[in-house]
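Just below is one structure, and these are the notes that go with it.
Where a number appears in this text, it was derived from the coordinates with a stated rule and is not lab data. Remember, it's a predicted structure, so these values are computed and weren't measured experimentally. Cβ placement follows ideal geometry from the backbone for every residue including glycine, while neighbour counts extend to all protein chains displayed.
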Amino acid sequence: MKCKLLLILGINLIYNLLATSQLKEILVLNEGSYDYTSGKILVPVTVGVFDLNSNSYQQLNIIENARFASDIILDQSNYWVAADQRILKFDLLNRQLLASMDLEGVRKLAIHKDLLIVTRGEYLNKLDAYVQIYNKNSFKLLFEIPATDLPYTTESIVIKDDNAYIAVNNGFDFGNEVGKIIKVNLNLLKVESIVDLGLEGKNPENLMLKDNLLLSLNNKSFNGSSVSLIDLENSGVETYNLSNVNSLCGTSVLTGESILYQEINKTDVGKFNIAFKQSGFYKDLGRSFYGMNYDPITKLLCAGETDFKTSGKVHVYDEQFDEKYLFEAGVTPGYFAFVDASLVASKQAHPLEFEVSPNPVVNKIRVICQETVIETQILDLYGKTLLKSQQKSLDLESLQAGVYILNVKARDQIGYKRFVKRSN
């Protein structure tokens, strides 16, 4: 009886922890190819999408007149792109451009409530402000830090507790890099503090958040890289140089208890253990990546590989770096966004309403729906289809105990429900 109770509690705990949506798509921002000598765009910036269920990739958007791109993020039912001189907002369901704004030197984007936070920087060009905050709906400028107060380019953004933490690196002024973290109160729209990362923490390139610890991957003066740990409670800073990194990290990502990174033009992946504050060789994957991103829900890691001229591939790995998916993308895939199924479904004009019975389930599950059901599918949390039927009931004896997604289609409507499969 005790074991059975623990099993039930365990399943309920898993269900609550995984009360997140099933991963459906991966958006890919491809930077294309730009010839800086001739000033010509050889391959335009594009956005594409990989569907995990159909295992297929397609191009969605071409962004004209952009030399490069630097960010893609999700906000509710939209995706946003930072591309050279423009910020663009797209509809996640129909992929259409909804709005755009011209802004020189846009680098990274973050959204908090109705605020659009933007960092900026441009090679050889001075800007009037390197941190700006807009209303995300009207694009009205609400706040900025004038270049007279902050004359340095900025990069990564992390949001926590109504505050924006912004990396200040001066990264386009080679030899004059700085290392600072600015805290902006997003309720009051004012700078609250500035933390100096010190000599070894110059050129912060990627900010990451783990609980109350802000992590910064720093590329120093392009002669090595380091990781700074900033305690958000007391603003204390500890910085550790990454071992065996002689130039800079081309890409880095937080995966649970560690930061994974790769030195530019190398194939080794290194690991910085946050708890032990140690770094070193992790794995040689035999390829050099241009960009990486990690989904903490499915624990999948995307890594883009490119020749910068004609081709691009995206490798999707699990926690053990076993390759789960591999697909051809656009040229220079460097930025990724993970789209879950419920986010797509919620954008529909009339998402399908139905109930699942029983839930949790042991052997057979039934769909209760007033509409005529065309198809039902059982998906795992990676988005793979495990079972299909044209009936309202499905036999689940072949499935192991765990959390699954029920996908129900009826005419032009679609709906998703999570359910728990118990052991017999």
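Say a paramagnetic label sat at a point 7 Å from the Cα of THR385, along Cα to Cβ; which residues of segment 318-334 have their backbone N under 20 Å from it?
325-327, by backbone N distance to the label point.
Per residue, what volume in Å³ does the convex hull of the Cα atoms of segment 349-421 enclose?
79
Using 7 Å Cα-to-Cβ label points, what is the SER243/ALA275 separation (nm, one decimal)?
1.9
Using the basic label-point model (7 angstrom from Cα toward the beta carbon), what is the ASN223 to THR267 distance in nanometres?
The answer from the label model is 3.0 nm.
Given SER357, LEU52, LEU301, which one lies farthest toward the positive end of the charge dipole of the chain, if we put +1 on the Cβ of every Lys and Arg and -1 on the Cβ of every Asp and Glu?
So the residue we want is SER357.
Points 7 angstrom from Cα along the Cβ direction at ASP102 and LYS283: gap in nanometres?
Modelled inter-label distance: 4.6 nm.
Mind ranking 81-93, 99-111 by how tightly packed they are, going by the mean number of other C-beta atoms within 10 angstrom, highest first?
81-93, 99-111
Report the paramagnetic label zone for ASP211: residues of segment 250-284 whose backbone N is under 14 Å from a point 7 Å from Cα along the Cα-to-Cβ axis.
So the set is 256-258, 274-277.
Equivalent-ellipsoid semi-axes (√(5λ), Cα gyration tensor) for the chain, whole Å, largest first?
Three semi-axes, in Å: 39, 25, 22.
Sort the following peptides by mean Cβ neighbour count (other Cβ atoms within 10 Å, averaged over residues), highest first: 352-358, 216-222.
216-222, 352-358
Looking at ILE41, GLY280, HIS315, which one has the Cα that reaches farthest to the positive end of the dipole of the chain (charges on Cβ: Lys, Arg +1; Asp, Glu -1)?
HIS315
What ranking of LYS202, LYS283, LYS271 emerges when the number of other C-beta atoms within 10 Å of each C-beta is taken as an exposure proxy, fewest first?
Final ranking by Cβ density, sparse to dense: LYS283, LYS271, LYS202.
Go through 276-282, 246-252, 152-158 and give me the packing order, highest mean Cβ count within 10 Å leading.
Output ranking for 276-282, 246-252, 152-158: 152-158, 246-252, 276-282.
Tell me, in nm to one decimal, what length is gained between PHE308 and LEU124 on full extension, where the rule is 0.36 nm per residue of separation less the Cα-Cα distance?
63.9 nm
Would segment 240-346 count as rounded, prolate or oblate if I go by the C-alpha gyration tensor, calling it rounded below 1.5 in a/c and otherwise prolate when a/b exceeds b/c, oblate otherwise?
Here segment 240-346 falls in the oblate category.
Nearest 20 debye, what's the magnitude of the dipole of segment 349-421 about its Cα centre given +1 on Lys and Arg Cβ and -1 on Asp and Glu Cβ?
Result for segment 349-421 is approximately 100 debye, rounded to the nearest 20.
Between 0 and 90 degrees, rounded to the nearest ten: what's the tilt of helix 2-17 against the longest Cα principal axis of the chain?
The angle comes out at about 50 degrees.
Run the helix sum for the chain: -39,500 (n - 2.57) per DSSP H stretch of 4+ residues, divided by residue count, reported at 222 nm to the nearest 500 deg cm²/dmol.
Computed mean residue ellipticity for the chain: -1500 deg cm²/dmol.
Take the Cβ-Cβ distance between LYS409 and GLN59 as r, set R0 to 30 Å, and report the resulting FRET efficiency rounded to the nearest 0.05.
The value I calculate is 0.75.
With a/c under 1.5 counting as rounded, go ahead and sort segment 39-108 into rounded, prolate or oblate using the C-alpha gyration tensor (a ≥ b ≥ c being the square roots of the eigenvalues; past the cut-off, prolate if a/b is larger than b/c, else oblate).
oblate
Too long at a 31 Å Cα-Cα cut-off: which of LYS183/LYS309; LYS180/LYS324; LYS113/LYS266; LYS89/LYS183?
Going by Cα-Cα distance, LYS183/LYS309; LYS180/LYS324; LYS113/LYS266 fall outside the 31 Å limit.
Expressed as a whole number of Å, what is the distance separating the alpha-carbon centroids of segment 134-209 and segment 60-131?
17
Express the relative contact order of the chain as a whole percentage, based on alpha carbon pairs under 8 Å and six or more residues apart in sequence.
12
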